[in-house]
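Read through the structure below, which is laid out as structure tokens, and then see the notes.
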Amino acid sequence: RKSVVRITTGSQALDELLGGGIETLSITEAFGEFRSGKTQLAHTLCVSTQLPLSMRGGNGKVAYIDTEGTFRPDRIVPIAERFGLDAGAVLDNIIYARAYTYEHQYNLLLGLAAKMSEEPFRLLIVDSVIALFRVDFTGRGELAERQQKLAQMLSRLTKIAEEFNVAVYMTNQVIADPGGGVFISDPKKPAGGHVLAHAATIRLMFRKGKGEQRICKVFDAPNLPENEAVFQITPGGISD
Ligand code: GTP
Ligand code: MG
């Protein structure tokens, strides 16, 4: 039987909110307004996952699927230094792929499963999980098909989490509501409907505070109170 590993986010407040960090064998979703820190948390987790278990890491490799082209290897360097790890070694343990269509994204997941059966991975990042679906299925009439394909993708993520004892961290976008004919994005409404809501083990809503401060709220979790944590985005990654 596989046991859950909890990986530190770099912020004690955020870790406490999550019951110790982001968990393997499950899917953590982060959604929220632009620049709220979703991708910065992904970068921090790329490093913290490689820490030994005694330092609240996962002692494992990282797979990163990037659909928006926002992964920055340069960002990894100061984060690795902050955690006392060699940046070159950390970068070598991040398997990175840019996805260009939802089908490509799905096929990358199939390929990763083969890799994960050979080497010890503890984290899979998908940033963002839904962006390509929104591009590839634009028409109203395509919504049902989009949701069906999205469900397939998410079930692969669940399978990977459970088969390889991996933490899946996926980011999501917020939806835009037509308000008086103009589409206004609503920072409190995650995209992906019931299909996405159902797949995520824990949903986190991020928002901006003052300066580098960010706020994370547990959204819609049956097992956790709807508490908040305040964290900061620093050169060394997510921090208190
Ligand atoms: P979208 O993908 O646009 O929806 O946003 P996001 O939630 O992924 O935001 P992201 O994680 O990219 O956060 C961007 C924020 O991180 C910006 O406010 C940047 O100023 C901040 N940031 C990025 N790099 C650094 C850094 O090296 N130091 C500090 N202090 N802040 C940084
Ligand atoms: Mg981002």
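Points worth noting:
- Contact order for the chain, expressed relative to its length and based on alpha carbon pairs under 8 Å spaced 6+ residues apart, stands at 29 percent.
- Farthest towards the positive end of the charge dipole of the stretch 87-240, among the residues 157, 114, 170, is the Cα of 170, using unit charges on the Cβ of Lys, Arg, Asp and Glu.
- Dipole magnitude (debye, nearest 20) for the chain, charges at Cβ of Lys, Arg, Asp, Glu: 180 debye
- Rounded percent of accessible protein surface that carbon and sulfur make up, the stretch 62-145, 1.4 Å probe: 52 percent
- Listed residues 227, 59, 165, most fluctuating in the chain (Gaussian network, C-alpha, under 10 Å): 227
- Top of 82, 140, 207 by mean-square fluctuation, Gaussian network on the chain, Cα under 10 Å: 140
- Working note: Karplus 6.51/-1.76/1.60 with θ = phi - 60° gives the stretch 80-96 the couplings 4, 4, 4, 8, x, 10, 6, 4, x, 5, 4, 5, 4, 9, 10, 8, 10 Hz, where Gly and Pro are set to x.
- Loop-resident sites, the stretch 159-240, for GluC sites (Glu not before Pro), counting at most 10 other Cβ within 10 Å (DSSP): 226
- Summed over the residues of the chain and divided among them, the accessible surface reaches 46 Å² per residue at a probe radius of 1.4 Å.
- Secondary-structure-derived ellipticity at 222 nm for the chain, considering helices only, amounts to -10000 deg cm²/dmol, per-run term -39500 (n - 2.57) for DSSP H runs with n ≥ 4.
- Comparing 168, 129, 195 in a Gaussian network model of the chain, where Cα atoms under 10 Å apart are tied by springs, the biggest mean-square fluctuation is seen for 195.
- Quotient of C-alpha Rg and 2.2 N^0.38 Å, computed over the chain: 0.96
- Unit charges on C-beta of K, R, D, E only; dipole of the stretch 44-166, Debye: 260 debye
- Cα pair distances exceeding 20 angstrom across the stretch 144-240, given as percent: 53 percent
- Within-9-Å neighbourhood charge of residue 217 [Cβ basis; K, R +1; D, E -1]: -1
- Cα-only Debye scattering, the stretch 130-174: base-10 log of I(q)/I(0) at q = 0.15, 0.23, 0.26 Å⁻¹: -0.45, -0.84, -0.95
- Highest average packing first - 43-49, 87-93, Cβ atoms within 10 Å: 43-49, 87-93
- About its Cα centre, the stretch 1-115 has a charge dipole of approximately 260 debye under the convention of +1 per Lys or Arg Cβ and -1 per Asp or Glu Cβ, with nothing else charged.
The values are calculated or read from the model by the stated rules, or taken from the named source; none is laboratory data. Note that the coordinates shown come from a computational prediction; the quantities given were computed from them, not determined experimentally. When we count neighbours, we look across all protein chains shown, and the Cβ atoms used for this are built from the backbone with ideal geometry, even at glycine. Ligands, DNA and RNA are excluded from the accessible area calculation, which covers all protein heavy atoms including side chains. Shrake-Rupley method; radii C 1.70, N 1.55, O 1.52, S 1.80 Å.
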